[in-house]
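Read through the structure below, which is laid out as structure tokens, and then see the notes.
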Amino acid sequence: MIYKRSSALFAEAQKVIPGGVNSPVRAFKAVGGDPIFVKEAKGAYLYDEDGNRLIDYINSWGPMILGHAHPPVLNAVIEKAKKGTSFGMPTEIETQIAELAVSMVPNIDKIRFVNSGTEACMSAVRLARGFTKKDKIIKFAGCYHGHSDSFLIQAGSGAVTFGSPNSPGVTEGTAKDTLLARYNDLGHVEGIINSNKGEIACIIVEPVAGNMGCIPPSEGFLEGLRSLCDANDILLVFDEVMTGFRLAKGGVQELLDVDADIVTFGKVIGGGLPVGAFAARTEIMNQLAPLGPVYQAGTLSGNPLAMAAGLAMLTELNENTGIFDSIGQKTKYLHKGMTEVLNEKNVTHTINRIGSMISVHFCENPVTDFESAAKGNNETFKKFFHGMLDQGIYIAPSAFESWFITEALTYGDLDETIKAVATTAESL
Ligand code: KE4
């Protein structure tokens, strides 16, 4: 594949945008080489600036669960844009998507829309602190909840890729209120709670982790967190920015039947436009301004253009819940095919999968937390990434990311991908 124009565009971008990108993971730092610049996308395919067609396994990091430029979403955006895009005043469509989201997801009565997953998680933690009147939070090493200060304490994803878990600019004052636990280790969580009795407002967790690669919760982990929260007057926050409206209509709460107190959303809920949200039962959400004392605001929050994209997306998922099983079957097919060809070539690896999230790790140990994910051979991953890219397959440009399967993928695309894995495996 030729990437000359992408490289030229990257050189230009770096003159005016730090690192040439507006989000670090896009810069290919973890895998080397210049990032690909996309010209357009349709369905399961990206078309880059050099005319290459790539089968997309990232789908804008999750939102394009029905494929790029999906007509119902596209048409909704086009029609809404003709009537103006943002007024900074309430609109009916905000109520429509709020009612739909509340009907789809368990344990939420009210929802507040924001513009990103970061805003959703940052606001959820402030709300938990305001509701419980306690300061500390527990998060998990390797889990990523966006880039607000309280979370950039050994964040997963981008920060881990850069090997600088504690970001400069985060103050000691902030860091002291964030306690770090090991994912899938209930004993560790219990120990932290006991050492900080009465001080913890919430535990925030990716109920299925996607920022260490894909790591499902071990048997009883989420149920254990629920019990620990109930016993210690702590709120359980499910960060479903990745998993919400992807792993099931009602997200992980529905899929694994565990109740959260606050749930955050992003990605799919916006249908590809900037939308985040956080939701909970009425007594918690009514603490929010202008009703309650917990302040949170946003100029473009709930803007009708983004709401139109989100409403079209959620409507289709709500009316065709078979989509979740269909993309789950496609992911299972991909898993089976990749395992077969990698084993044939004696490539040491492990694949994690749940629903339409999957990741490949080049290590023989099971990958169940950040420490075990970090044992993956990154040199092998880099070769794997570029080998796949050279055959027109775009996977996550980092071993610490999940792939996101889209319903737009055909089984022919999957077979082409499995064949590309077989060819790439020759050079691993
Ligand atoms: P955003 O602020 O990027 O919309 O959402 C932050 C966020 C919160 N919670 C979870 C579980 C997330 O995965 C994310 C963002 N995910 C990354 C991918 N690992 C977005 C890609 C990027 O950073 O460019």
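The values are calculated or read from the model by the stated rules, or taken from the named source; none is laboratory data. Worth saying up front: this structure is predicted, and the values here are computed from it rather than measured. Neighbour counts run over all protein chains shown; Cβ positions are idealised from the backbone, glycine included.
Values as computed for the structure displayed
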{"read-out": "Close pairs (6 angstrom Cβ cut-off, 6 or more residues apart or separate chains): basic (Lys, Arg) and assigned to a loop (DSSP other than H, G, I, E, B) in the range 221-250, at pLDDT below 95 and more than 15 Å from the ligand (Cβ to nearest atom) anywhere", "value": "LYS249/THR321"}
{"read-out": "ALA120 touching a residue at least 12 places away in the same chain (Cβ under 8 Å), away from the ligand (no atom under 16 Å from the Cβ) and of a type outside the set (Phe, Trp, Tyr)", "value": "no"}
{"read-out": "Qualifying position, being surrounded by fewer than 21 Cβ atoms within 10 Å (Cβ to Cβ) and among the acidic types (Asp, Glu), among GLU92, GLU119", "value": "GLU92"}
{"read-out": "GLY250 closer than 23 Å to LYS134 by Cβ and either in contact with a Cys (Cβ under 7 Å, 6 or more places away or on another chain) or more than 16 Å from the ligand (Cβ to nearest atom) (or both)", "value": "no"}
{"read-out": "Residue in the range 377-395 that is under 30 Å from VAL189 (Cα atoms) and among the aliphatic types (A, V, I, L, M) present", "value": "no"}
{"read-out": "Residue list for the range 407-428, restricted to those being farther than 18 Å from GLY213 by Cβ and in contact with a Ser or Thr (Cβ under 8 Å, 6 or more places away or on another chain)", "value": "GLU407"}
{"read-out": "Of residues in the range 281-310 being aliphatic (A, V, I, L, M) and touching a Leu at 6+ places or on another chain (Cβ under 7 Å), the one surrounded by the most Cβ atoms within 10 Å (Cβ to Cβ)", "value": "ALA306"}
{"read-out": "Check on ILE65, in contact (Cβ under 8 Å) with a residue 12 or more places away in the chain, touching an Asp or Glu at 6+ places or on another chain (Cβ under 7 Å), within 23 Å of ASN378 (Cα to Cα) and not hydroxyl-bearing (Ser, Thr, Tyr)", "value": "no"}
{"read-out": "The range 254-265 residues that are away from the ligand (no atom under 14 Å from the Cβ), paired with ones that are β-branched (Val, Ile, Thr) and assigned to a strand (DSSP E or B) (beta carbon under 9 Å, 6 or more apart)", "value": "LEU255/ILE354; ASP261/VAL237"}
{"read-out": "So GLN287, is it within 16 Å of the ligand (Cβ to nearest atom) and more than 18 Å from ILE97 (Cα to Cα)", "value": "no"}
{"read-out": "Residue check, TYR57 of a type in the set (Phe, Trp, Tyr) and away from the ligand (no atom under 16 Å from the Cβ)", "value": "no"}
{"read-out": "Test for MET338: is it closer than 30 Å to PHE362 by Cα and either in contact (Cβ under 8 Å) with a residue 40 or more places away in the chain or buried (at least 18 other Cβ atoms within 10 Å of the Cβ) (or both)", "value": "yes"}
{"read-out": "Test: residue in the range 384-391 that is among the charged types (D, E, K, R), part of a helix (DSSP H, G or I) and within 26 Å of GLY142 (Cα to Cα)", "value": "no"}
{"read-out": "Residue satisfying all of: in the range 147-166; closer than 22 Å to PHE221 by Cβ and within 12 Å of the ligand (Cβ to nearest atom); modelled with the lowest pLDDT among these", "value": "VAL160"}
